Amino acid sequence: MSASSPIRSVISPGRYVQGPGAMARLGEFVATIGSTPLIVADDVVWGFVGHDATSSLKAAGLPVIREAFRGMPTAKEINRLVEVIKNAAADVVVAVGGGSTIDAVKSSGFLAGIRWVTVPTVASTDAPTSALAVVYTEDGAFEEYRFFPRNPDLVLVDSQIVANAPAAFLAAGVGDALATWLEARATAASSSLTMAGGLPTLTGTALARLSWDVLWDNALPALDAVRDHLVTPAVEKVIEANTLLSGLGFESGGLAAAHAIHNGLTAARQTHGLAHGQKVNIGSLTQLVLEGAPTNEIRDFVEFTTRVGLPTTLTEIGLTAESTHELALVANAATVAGETIHAMPFEVRPADVVSALKSIERFSRRIRDEAGLPAPKPYVAAH
């Protein structure tokens, strides 16, 4: 076969570990990957995981070297971490925290030529498992995706730490993960390439679907349990769906309109400060509208994600149907060449995105009203 023949590909982390108290075994698993780890965590995260992480590394005979993360995965912060890695002579870099810390560490580990490990303290995105990072500008707008030749060697999730975090983080992860199936379904229909560098596999598409099914069955009871900081079987299932199934599903199943619209939304300053999964949920809803999905499917999605606590109107992300200038910016950014919206099984133009975004406001409000769900509250960015 020629080099240009289409291939199918699945990529995944080397090992995935999840459970209550998993942090106490960090050293045991890291010791199989490197002998001089550099831990990157912000001060808040280190405040509640530092003791267990330190004890675990010491028990495994590893040095404890920690560098504070400075808040945004920008090119400047990534380059700073590369220097820190080199000065520490680290052979593995360990990200402890949320998606921003994880993306900065994957990027810096790759540039420094060492291995990397992710230890998410929230289940708010599928960043921990993937072989790509999102890099932002100093102003907080989407700049680029960076792709790496491999996934993390280890993903370790302490489900009790995730359950101790505010439930809003888990809800945001549900928003990110629900998009996985909608986008994989579209990618399979168009036979577009995935982030794994090939056509979608049955495996990637099936895991995306499994993520969706697990969330519809478990998200609401899991969120209630996490509000009391409890780990239940539903919580474990949602953490796995948000982190592993969604990660494998989006990389090896494909991204489409929902994430492109998320990236577009970062161009509107009014949306800054919202979680990734909150903006992705608006992207998913907009993708359903663009697809002309059955009304029942859209209604169910609006009702369910509103109950999860995710935005289903422009009002809740700081915009309105009258924000014509901002919506044009969003639509143009979402449809630039190379964006994942072009994996949809039909052409999507900026004007289509604007119309779809504007249309969700009135329709979602009506669905929420008919279902007895609360009216949307306006979001105001804190800038």
Problem set entry | Beta bridges per DSSP with both ends in the chain, % antiparallel, nearest 5 | 20 percent
Exercise. Using alpha-carbon pairs under 8 Å, 6+ residues apart, how would you state the relative contact order of region 291-383 in percent?
Worked result: 42 percent
Exercise. Where Rh denotes the Kirkwood radius from the mean inverse Cα pair distance, what is Rg over Rh for region 25-72?
Worked result: 0.98
For this session: Rounded to the nearest 0.05, what FRET efficiency do Thr203 and Phe142 give with R0 = 25 Å and r taken as the Cβ-Cβ distance? Could you check?
Result: 0.30
Seminar exercise, completed: The equivalent-ellipsoid semi-axes of region 228-383, taken as the square roots of five times the Cα gyration tensor eigenvalues and listed largest first in whole Å, are 23, 20, 16
For this session: Taking every pair of Cα atoms in region 291-342, average 1/r, invert it to obtain the Kirkwood radius, and report Rg/Rh to two decimals.
Result: 1.04
Exercise. Among Glu297, Glu316, Glu143, which one shows the biggest mean-square fluctuation in a GNM of the chain, springs joining Cα atoms closer than 10 Å?
Worked result: Glu297
Exercise. When you take every Cα atom in the chain, what is the radius of gyration, and what is Dmax, the widest Cα pair distance, in Å?
Worked result: 20.1, 60
For this session: Report the calculated FRET efficiency for Arg349 and Ile7 (r = Cβ-Cβ distance, R0 = 25 Å), to the nearest 0.05.
Result: 0.25
Problem set entry | Accessible area per residue in Å² at 1.4 Å probe, computed on the chain | 39 Å²
Seminar exercise, completed: Cα pairs beyond 14 Å in region 269-321, in percent, come to 52 percent
Exercise. Simple spin-label model, 7 Å along Cα-to-Cβ: Lys76 to His51 in nm?
Worked result: 3.6 nm
Problem set entry | Relative contact order (%) - criterion: Cα under 8 Å, at least six apart; region: the chain | 16 percent
Exercise. Under the classification rounded if a/c is under 1.5, otherwise prolate if a/b is larger than b/c and oblate if not, where does region 58-207 fall, given a ≥ b ≥ c as square roots of the Cα gyration tensor eigenvalues?
Worked result: prolate
For this session: Taking the Cα centre of the chain as origin, work out the dipole magnitude from +1 charges on Lys and Arg Cβ and -1 charges on Asp and Glu Cβ, in debye rounded to 20.
Result: 300 debye
Seminar exercise, completed: Stokes-Einstein, Kirkwood over Cα pairs, region 225-275, 10 °C, 1.306 mPa s; D in µm²/s equals 119 µm²/s
For this session: Using only the Cα atoms of region 315-364, build the gyration tensor, take square roots of its eigenvalues as a ≥ b ≥ c, and label the shape rounded, prolate or oblate: rounded if a/c is under 1.5, else prolate if a/b is larger than b/c, else oblate.
Result: prolate
Exercise. Expressed in nm to one decimal, what extension gain is obtained for the pair Arg15 and Asp300 from 0.36 nm per residue of sequence separation less their Cα-Cα distance?
Worked result: 99.1 nm
For this session: Sort region 295-383 into rounded, prolate or oblate with this rule: let a ≥ b ≥ c be the square roots of the eigenvalues of the Cα gyration tensor; rounded if a/c is under 1.5, and if a/c is not under 1.5, prolate when a/b is larger than b/c, oblate otherwise.
Result: oblate
Problem set entry | Calculated over region 1-117: convex hull of Cα atoms, volume per residue (Å³) | 135 Å³
Problem set entry | Accessible surface of the chain [probe 1.4 Å, protein heavy atoms]: carbon and sulfur percent | 54 percent
For this session: Give the Rg (one decimal place) followed by the Dmax (whole number) of region 146-289, computed from C-alpha coordinates and expressed in Å.
Result: 15.1, 44
Exercise. What nm distance separates the two modelled labels at Val44 and Asp91, each placed 7 Å from Cα along Cα→Cβ?
Worked result: 3.5 nm
Problem set entry | Per-residue [θ]222 nm for the chain (sum of -39500 (n - 2.57) over DSSP H runs n ≥ 4, rounded to 500) | -16000 deg cm²/dmol
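The values are calculated or read from the model by the stated rules, or taken from the named source; none is laboratory data. Remember, it's a predicted structure, so these values are computed and weren't measured experimentally. Ideal geometry is used to build each Cβ from the backbone, glycine not excepted, and the neighbour counts take in all protein chains shown. Surface areas here come from the heavy atoms of the whole protein model, side chains and all, with no ligands, DNA or RNA. Shrake-Rupley method; radii C 1.70, N 1.55, O 1.52, S 1.80 Å.
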